[in-house]
Amino acid sequence: LLQLHELALSLGMDVLVEVHDYAELKQAVEAGAKIIGVNNRDLRTFRTTLDNSLSLAKDMPAETLFVSESGIAGREDVLQLEKAGVKAVLIGEILVRSQKPCRKLKELRGIEFAGEVRGNVD
């Protein structure tokens, strides 16, 4: 991890290191990761729960860009994660499955949709 992290940085890349548990978080921090994503999806069962991000929040260094990945379904989830110290969220499935992805994205961001249709906003 350390070698790959250093190589990516030397190439001018930003590096998001994904973790699933405390042991991986510790390795990421020791490797110098400044952007750490906590995957909320259990890769064995594919079940998602925000509890993973919420439980690792207390161990996330303050200077880290803390990203919560997967399982974010609504504005309430975003607010709960924000309160725990999450600085960004990785959202995919909820937008792909939405009939109106722009509207869903506005909902997640807390932007009220006025009902105006300009171009492909829905």
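Quick notes on this one:
- Distance between the modelled labels on residue 14 and residue 51, one decimal in nanometres: 3.1 nm (7 Å Cα→Cβ projection).
- For the chain, modelled as a GNM whose springs connect Cα atoms under 10 angstrom apart, the maximal fluctuation among 35, 111, 72 occurs at 111.
- Efficiency of FRET between residue 42 and residue 62 - r from beta-carbon atoms, R0 30 angstrom, step 0.05: 0.65
- Mean separation of Cα contacts under 8 Å (6+ apart) over length of the chain, as relative contact order %: 18 percent
- With every protein chain in place and a 1.4 angstrom probe, the accessible-area ranking of 47, 75, 103, largest first, reads 47, 103, 75.
- Just checking the listed ones, 11, 65, 90: in the Gaussian network model of the chain with Cα springs under 10 Å, the one fluctuating most is 11.
- For region 32-93, the relative contact order comes to 36 percent (Cα pairs under 8 Å, sequence separation of at least 6).
- Accessible surface of residue 49 - all protein chains present, 1.4 Å probe, nearest 10 Å²: 40 Å²
- Expressed as a fraction of 2.2 N^0.38 Å, the value expected for a compact globular protein of N residues, the C-alpha radius of gyration of region 1-79 is 1.13.
- Solvent-accessible surface (1.4 Å probe) assigned to residue 30 amounts to roughly 130 Å².
- The chain, accessible area per residue, ligands and nucleic acids excluded (1.4 Å, Å²): 66 Å²
- Fraction of alpha-carbon pairs over 12 Å apart in region 47-95 - percent: 58 percent
- Total charge dipole magnitude, the chain, about the Cα centre, Cβ charges on Lys, Arg, Asp, Glu only, Debye to nearest 20: 420 debye
- Label-to-label distance, nm, for residues given as residue 87 and residue 31 (7 Å Cα→Cβ offset): 1.8 nm
- Within region 44-82: backbone nitrogen closer than 13 Å to the residue 109 label point (7 Å, Cα to C-beta): none
- Ligands, DNA and RNA left out, the 1.4 Å accessible surface of the chain is 53% carbon and sulfur atoms.
The values are calculated or read from the model by the stated rules, or taken from the named source; none is laboratory data. Just so you know, these numbers come straight off a predicted model, no measurement behind them. Glycine gets a Cβ as well: all are built from the backbone with ideal geometry, and neighbour counts include every protein chain shown. Keep in mind that these areas ignore ligands, DNA and RNA; they rest on the heavy atoms of the full protein, side chains included. Shrake-Rupley method; radii C 1.70, N 1.55, O 1.52, S 1.80 Å.
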